[in-house]
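Notes follow once the structure below has been shown.
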Amino acid sequence: MVYSCPIDVLWISKCKYNNKVIDKHTHRFYHMFFVRNGDGKIFVDGKEYTVNKNDVYFCHPEIVHGIIAQSAAPLNTIEIKFTVLDEELLRLLELLQHKIECKPKSFHFRLEELVMEALYKPKFYKEVVNTGFARLLFELARNDENPFMSHVNEMQETIKGGIKDKEGNTFNLIKIIDYINENYTEKITLKRLSDIGAISPAHLNKLFKSNFNVSPMQYINNFRISKAKELMMYSDFNITQISELVGFQSVHYFSRYFKNKERITPSEFRKGV
């Protein structure tokens with residue numbers, strides 16, 4: 001069976017630049033950088049950019065580019081080298097800027113999924129990587145939001161002006177919500193969230209429960225469940241792998257939490273989609 005896709009991903013991987021200089025160079029394929037974290041500078045087509053977390057840098061074929069990463073914090077990226085097989089897509093990509101505003105909140109997560117596909121090479125991994133990355137390119141081109149994250153955007157709009165406690169004091173929880181959205185794959189503690197929001201753990205619990213009807217930790221796990229459902233719908237990862245990818249410490253706890261929230265097991269959910 002032959003599958004066609006408008007792009008061919010030649011290479012996708014996580015990269016770490018620790019006190020390194022990548023001399024300016026060119027090549028015949030496209031090269032995209034997604035900044036996971038760290039410090040450094042990227043040069044593209046004669047312009048120097050100081051990198052920020054979640055930046056996307058897009059290098060067209062034969063465009064001069066390079067990297068300097070010599071600060072204390074190593075520069076960590078996800079990089080994709082690819083060719084384009086479709087004339088219409090070629091014309092579309094010509095319109096992309098070298099630095100692209102990455103609006104979709106789950107862009108990083110979905111790139112991580114493609115990296116895992118390429119690393120473990122399950123059946124049809126090449127087709128999954130090519131079609132998955134093609135979709136991300138189209139989303140960058142239209143600069144649109146991922147529908148799976150609409151509820152997060154709505155919550156951010158709700159809390160943008162701050163939320164009040166029973167005494168009328170106003171608190172800004174945007175930093176806390178942003179931290180959760182960006183770090184849900186890691187272990188997150190209530191103490192860490194209270195430090196970010198400059199508010200006591202007990203008061204933070206009260207604010208979440210009075211405004212969102214869940215505790216901060218329940219919000220985190222509910223968010224993880226929504227990401228797990230996305231993976232169960234659109235990936236070939238097994239339940240154990242998915243539980244680890246979205247930040248649960250054990251597959252047993254993930255399964256119990258999922259069933260309590262959704263009233264079905266993860267396996268039953270996957271069979272039904």
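What follows draws every value from the coordinates through simple rules; no lab data is involved. If you're wondering where the values come from, they're calculated on a predicted model, not measured in any experiment. All Cβ positions, even for glycine, are placed from backbone atoms using ideal geometry, and neighbour counts span all protein chains on display.
I'd like the trypsin sites (Lys or Arg not before Pro) in the range 83-127 restricted to DSSP loop residues with at most 12 other Cβ atoms within 10 Å, sorted by number.
Values: sites: Arg91, Lys99, Lys105, Arg110, Lys123, Lys126; in loops: Lys105, Lys123.
Sparse-neighbourhood loop trypsin sites (Lys or Arg not before Pro): Lys123.
When Lys and Arg each count +1 and Asp and Glu each count -1, what net charge do the other residues less than 12 Å away from Lys123, Cβ to Cβ, add up to?
Details: positive: Lys121, Lys126; negative: Glu117, Glu127, Asp236.
With Lys, Arg at +1 and Asp, Glu at -1, the neighbours total -1.
Using only the Cα atoms of the chain, what are the Rg and Dmax in Å?
20.5, 66
Taking only the alpha-carbon atoms of the range 7-145, what semi-axes of the equivalent ellipsoid follow from 5 times the gyration tensor eigenvalues under a square root, in whole Å, largest first? Before the final figure, lay out the partial values.
On the way: eigenvalues 102, 64, 43 Å².
The three semi-axes for the range 7-145 are 23, 18, 15 Å.
When Lys and Arg each count +1 and Asp and Glu each count -1, what net charge do the other residues less than 13 Å away from Gln70, Cβ to Cβ, add up to? If you can, show how the numbers build up before the last one.
Numbers: positive: Lys20, Lys41; negative: Asp39.
Taking every Cβ under 13 Å from that of Gln70, the sum is +1.
In the range 80-125, which GluC sites (Glu not before Pro) fall in coil by DSSP and have 11 or fewer other Cβ atoms within 10 Å? Please list the in-between numbers first.
Numbers: sites: Glu87, Glu88, Glu94, Glu101, Glu112, Glu113, Glu117; in loops: Glu101.
Hits after loop and neighbour filter: Glu101.
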